[in-house]
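Here is the structure we will look at.
A short reminder: the numbers here are calculations on the coordinates, not readings from a lab. Predicted, not measured: the structure shown is a model, and the values here were computed from it. Here the Cβ positions follow ideal geometry from the backbone for every residue, glycine too, while neighbour counts run over all protein chains shown.
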Amino acid sequence: MLTEVIKHSIKSFLRNTTFDLRLILRLLMILSILYLFSFLVYLGYGFSGFLYLYSPSSDPVTFLNNRLLHIGAVLFILQVFSIKNPLKALLAYLHLPIKRNKLVLYILFLSQFNYFFIGLLLFFVPYSIRTILPVYSIQQFFFYFPGVLIIFFSVGYFSLLIRNLIGISYSYIIIPILLFGGLYLMDLFLDISFKDMSRFIFKQLINKNLYFLILLILILAGLLICNFILLKKGFYGIYQNQKSLLNYSFRPASHYFRENDLFTYVLLEIRLIARNRRTRGFLLIILFFSIMFYRILPYDGNLYVIFILFILISGMFGYTFIQFLFSWESGYFDFILSTKFDIIKYLKAKYAVYSIFSVILFTVYFPVIKPVQTGLHMFFSALLYNSSLGYFVLIFLATYNKFKVDPNRSILFNYQGLNSFQVIGVLLVLLIPILTLFLLLLRLNLTHSLLIINLLCIIALIIQGKLWKIIQNKLMRRKYINLEGYRK
């Protein structure tokens, strides 16, 4: 019976691909993926030559193995946002005479076959055979190769575990935050970096440390057992959870939007970002640009260019999502306006989520910005500006966005919601601090100019209650125009 399930999954994919009207686009995507996979195999096979062009003095073995944990961290983040609910695809088979244990094992096996993990393997396998095997003995290779594969599989199953736990409660998102925060603090205060830990792992494996390899196997086994238990419980509880969710939604005694409960609105915003394809795609884009900016800093160029760069970095998350602030809920925005939805708290919750992410980016970039002269003050000024005037200006202009957005659609070739107000808003947000700094520098030095900008931002935070009222009034005046646009 399990074989029939696998055959049905393959047939379902082929039929959806064959009879879909977007067949050409799917074929182009498949060809692009095959080309990318072929390039990864070629890159792994000729890694030494590519590295020589980039850095002739670098050793290919040391270069990559010092970055093992960096690769694992990126793989974890990509998989957390790309793994779909594994139980949803198998709900149709729950009434069939198939053992739940087999279905759970099938899910655990299938969960690792995603584009990111396969791409990593296609690079790592030829890299190990071509680069590691000629340098070290066969015994060392048979410790190193399985050890690194176990680490990658452990990262994959840890991603699945976090995804399953978040499905139970969004409070479990604190686990990876605490983990990465602890590693970051170790790097900041104890000088134990990802590179040092990667070097230690490589040293233990290449020195044939059997106890260390057994430890890695036990970690992988523990993650598999935890995922197995959660998935098996998920099978038996999914219908009850759906029923309790319906009862909870319609029970007047536990109204979902209680007064003075800002955290509930924050959870709604987090769920909006985590559940939908387009919002998750934007998160991946933010991650890409965060890494790109991290590599080019510190930057010793023009003062105004540096300030703009700091504003873009600290406001990257907010700028991306505020442009579609009300369009994200365009499909049911009339419900928001017709129920006991506190618009002020609704806006404050979104603002709080974007501001928290700005602070996180500020913390991550802190070690890079610190060595730059006056860089820390400028970066803090950019963060304070975005969290006060910048975001308020964008939220106000978002009330003019009357274009519908389907958050479940992919971000590829998707121009839904894009309009001229977004371009005007971003340009305005960037021009305000730059022009202010330019005028202040005509009479004052950089430090005093930044202090004045900081004072203006603090004043904006103090009077934010009035700013929220202005935004709410504008939204109420335009609600029928926006609702008409959302229905098109």
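Remarks
- Put in line by how crowded their Cβ is, counting other Cβ atoms within 10 Å and starting with the fewest, ARG478, ARG278 read ARG478, ARG278.
- Here is the result for segment 129-205: no trypsin sites (Lys or Arg not before Pro) lie in DSSP coil with at most 11 other C-beta atoms within 10 angstrom of their C-beta.
- The string of couplings for segment 219-229 from the Karplus curve (6.51, -1.76, 1.60, θ = phi - 60°) is 5, 4, 5, x, 5, 5, 5, 4, 5, 4, 5 Hz, one whole number per residue in order, with x for Gly and Pro.
- The Cα center of segment 47-74 and the Cα center of segment 328-352 differ in position by 48 Å.
- Neighbour-count order for LEU216, LEU110, fewest beta carbons within 10 angstrom listed first: LEU110, LEU216
- For segment 122-229, the spread of Cα positions along each principal axis, largest first, Å: 48, 37, 27
- Cα convex hull of segment 260-488 - mean projected area over all directions, nm²: 12.9
- Residue order, fewest to most surrounding Cβ atoms within 10 angstrom, among MET186, MET316: MET186, MET316
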